[in-house]
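The values are calculated or read from the model by the stated rules, or taken from the named source; none is laboratory data. Please read all numbers here as calculations on a predicted model, not as lab measurements. Methodologically, a virtual Cβ is constructed for each residue, glycine included, from the backbone with ideal geometry; neighbour enumeration extends over all protein chains shown.
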Amino acid sequence: MRTLLTRLPKIVLFCCCFNSTNVSAQTQRFTRSLNELGNSWNKIILPNDIYGHFLPPFYDLRVYGKTSTGDTVEAAYLIRSLKQSPVISKWSLPIINQSNTNGAYYYSFQVPSDSIVSRIQLDFGIRNYDWQVTLEGSDNGTDWFTVLNSYRLVAISNPETNFSYSTLNFQQVGYRLLRLKVPAIIDPLLSSATVQFQQPATALPEFYSTNLQQRISQENKKTIVDISLDKIMPVSVFLFELAETEAFKRSFSIEYVTDSTNNNGAKQYIYSILSAAALSSTTSSLFFTNEVFAKSFRIIIENNDNAALNIQAVKPGGFGYELLVRVSKPGNYWMSYGDKSVTAPQYDIAAFVPASTDSFYTAAAGEETAVVIITPYNNKSFWSSPTFLWMLMGLIILLLGWFALSMIRNRQKESSG
């Protein structure tokens, strides 16, 4: 008991010292200079080595600037993928001739030179019909070829229903003339024919350099291909390069690493399924998936009882991103990212970005700089709170009371003896 009493001041002193210790936390943030931004709209292609430090979908990105007056301002921005959406072209077909005979109405249309047509939206003046129409095409006005035959158009309009289907869908054609036959007793009152053509996107994905390892599991009848990129990248497409002369069709799945664990000193990766499809000698070897930001992937091909495919390469690829920044005050600007504590910014810039960015000033992002942020913890923690002090005082009182009772009992034993 005396030993405990002699150590009590040391215990109290340790608690006080621990309470007064200034503990701090370190976080890492990254910055890049944005060289010579124009005083309006700017676009910057994000460098490939930036994606490993981002928190998708780029919530942690901020653009700051220092003006000539020394003020720090925040610039609104928008991150946009370089992947292009298909372009839908629309134009009206001029009706150059119309006639009716034998219970049918005929309409001829002039197609602009070198135009491709695959969809025509028709607008009729009457609101109730059910027709089996025919569409033909010609280059000289004499020889006509069937594009659509017995194609149904229907419309119902009454107090309970308002429905219409008046769109012609067909394979792409490039005829200079089109002729529509509508079997109708009364005039359909065709007022317009609008062509819609979807042009494929012209942007191509960038395929990344990889380290590929493959193994064949005879027991499970599978080919397993492990793919590692040099860095974390946006991936949304895979290209298979095979050396096969025979026809084949194999199911496969694509997985990517989402986490890892240590099991007895060995690292084990945790995979999530990204996509599943069939690899065939009669279809394209290019497969698009949902976009992920990852570095390691695994392809599992189901061989069943077939010989394993001769895989030369599997190339992941994707589309980069561009940063669109609107600057209202001239100054020196930079981008900051990597702070996991921030939330997504709320800018209204997305509603006002021009449709074309051709007139935007093109700038470049500088080299990446890591910044270590040291944040001291708040000293007003549990150790300095009134609750801890009252607990410490109660402990001291209990120890002193215990010691006093022990002393009394010892003296009683000595006096009785």
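Within segment 76-95, restricting attention to residues that are loosely packed, with under 13 Cβ neighbours inside 10 Å and β-branched (V, I, T), the residue that is modelled with the lowest pLDDT is V87. Checking segment 157-170 against the condition returns no match, with no residue being within 21 Å of S99 (Cα to Cα), assigned by TED's automatic domain parsing to the domain that holds N97 and touching a Ser or Thr at 6+ places or on another chain (Cβ under 7 Å). Of the candidates N262, N290, the single residue that is over 22 Å from the mean Cα position of the chain (by Cα), surrounded by fewer than 14 Cβ atoms within 10 Å (Cβ to Cβ) and over 19 Å from Q214 (Cβ atoms) is N262. Output the residue which, of all residues in segment 152-172 that are buried (at least 16 other Cβ atoms within 10 Å of the Cβ) and not polar (S, T, N, Q), is nearest to N140 (Cα to Cα). My answer is L168.
Here P354 meets each of (1) at pLDDT 80 or above; (2) surrounded by 11 or more Cβ atoms within 10 Å (Cβ to Cβ) with one exception, condition (2).
For segment 113-157, the set of residues classified as within 13 Å of P183 (Cβ to Cβ) and free of Cβ contacts under 8 Å to residues at least 24 places away in the same chain consists of N149, S150, Y151, R152, listed by residue number. Across segment 208-230, the qualifying residues are those that are of a type in the set (D, E, K, R) and exposed (fewer than 12 other Cβ atoms within 10 Å of the Cβ), and the one among them that is farthest from the chain's Cα centre (by Cα) is E219. For the residues R215, R152, the requirement of being charged (D, E, K, R) and more than 30 Å from G317 (Cα to Cα) singles out R152.
Would it be correct to say that N149 is in contact with a strand residue (DSSP E or B) (Cβ under 7 Å, 6 or more places away or on another chain) and either at pLDDT 90 or above or not assigned by TED's automatic domain parsing to the domain that holds R179 (or both)? Talk me through it step by step, then tell me what you get.
Working: in contact with a strand residue (DSSP E or B) (Cβ under 7 Å, 6 or more places away or on another chain): yes; either at pLDDT 90 or above or not assigned by TED's automatic domain parsing to the domain that holds R179 (or both): yes.
Judged against the criteria, N149 is a match.
Among the residues of segment 93-141, which ones are among the β-branched types (V, I, T) and farther than 18 Å from Y175 by Cβ? Selection gives T101, I126. Counted as qualifying within segment 94-183 are the strands (runs of 3 or more DSSP E) with 1 or more residues that are of a type in the set (S, T, Y), namely 95-101, 104-110, 117-124, 129-138, 145-157, 162-165, 167-173. Being under 30 Å from the mean Cα position of the chain (by Cα), surrounded by 15 or more Cβ atoms within 10 Å (Cβ to Cβ) and aliphatic (A, V, I, L, M) is the requirement here; does V195 meet it? When the stated conditions are applied, V195 does not pass them. Checking the condition modelled with pLDDT under 95, among the polar types (S, T, N, Q), in contact with a strand residue (DSSP E or B) (Cβ under 8 Å, 6 or more places away or on another chain) and over 16 Å from K315 (Cα atoms), which residue from T258, T245, T283 passes? Only one candidate passes the filter, namely T258.
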